[in-house]
1. For LEU72, only one of the following conditions fails: (1) without any contact (Cβ under 8 Å) to a residue 60 or more places away in the chain; (2) open to solvent by 10 Å² or more (accessible area, probe 1.4 Å). What is its number?
2. Return the residues of the range 75-91 that are touching a residue at least 12 places away in the same chain (Cβ under 8 Å) and either part of a loop (DSSP other than H, G, I, E, B) or not small (Gly, Ala, Ser) (or both); say none if nothing qualifies.
3. Looking for something of a type in the set (Asp, Glu), assigned to a helix (DSSP H, G or I) and at pLDDT 65 or above - is there at least one such residue anywhere in the range 35-52?
4. Could you give me the residue pairs with C-beta distances under 8 Å whose first residue belongs to the range 108-121 and is in contact (Cβ under 8 Å) with a residue 60 or more places away in the chain, whose second residue is of a type in the set (Val, Ile, Thr) and surrounded by 12 or more Cβ atoms within 10 Å (Cβ to Cβ) wherever it lies, and which are 6+ apart or on separate chains?
5. Out of the residues in the range 12-27 that are in a helix (DSSP H, G or I) and either at pLDDT below 70 or touching a strand residue (DSSP E or B) at 6+ places or on another chain (Cβ under 6 Å) (or both), which is least open to solvent (accessible area, probe 1.4 Å)?
Amino acid sequence: MSILRFLGLPDSQEREDASDDTETVRRIVAELERLEPAKARYVAGFAYVLSRAAAADLRISDEETEKMVQILQQLGHLPEEQAVLVVAIAKSRSRLFGGTEDFLVTRQFREISTVDERRELLDCLFAVSAADSSVSSAEEAQIRQIASELGFEHKDYIRARQGYASHRSVLNPSRKPPETPD
């Protein structure tokens, strides 16, 4: 039984709310059916975009994964088990459908979030990328693209990036970016 039906909302409302969802967001929402659907959509999009940035260098480290789980627990108010599940699904979907879903999921997140929530996501993108002690140039480029898709100007991106200057591999040659898989 869906949460909307449980709450007594008509099925047509459920279909209307979900009609613009991408397959990625629908899959994660289905896994989070215990949450209110709007919150599940928000968390699904947030997690997917985090995994998109983490995977920019073709590798999502254990540290980046742990950071994504922490962020979803704190900002999404999810229990650890749900946060782990959401991150695992988001990572999997990003690997499988990244090329086709990236823009669509990010655009949908922009539509359902406030400016402050998008700023929070932008900061979290750097936090996840820096979790393994190095923000690679590929991660920076991906975050810049995401920032643009979220509607931010370059100055907003630069402001968010400033807090992670010590992790930027381009500024710190001694920081070796993680190795990519063979």
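The values are calculated or read from the model by the stated rules, or taken from the named source; none is laboratory data. If you're wondering where the values come from, they're calculated on a predicted model, not measured in any experiment. No Cβ is skipped: glycine too gets one built from the backbone with ideal geometry, and neighbour counts run over all protein chains shown. Protein only, heavy atoms only, side chains kept; ligands, DNA and RNA dropped before computing areas. Shrake-Rupley method; radii C 1.70, N 1.55, O 1.52, S 1.80 Å.
1. (2)
2. LEU75, GLY76, LEU78, GLN82, VAL84, LEU85, VAL86, VAL87, ILE89, LYS91, listed by residue number.
3. No, the range 35-52 contains no residue that is of a type in the set (Asp, Glu), assigned to a helix (DSSP H, G or I) and at pLDDT 65 or above.
4. Short answer, once both residue conditions are applied: GLN108/THR22; GLN108/VAL25; PHE109/VAL49; LEU121/VAL49.
5. The selected residue is ALA18.
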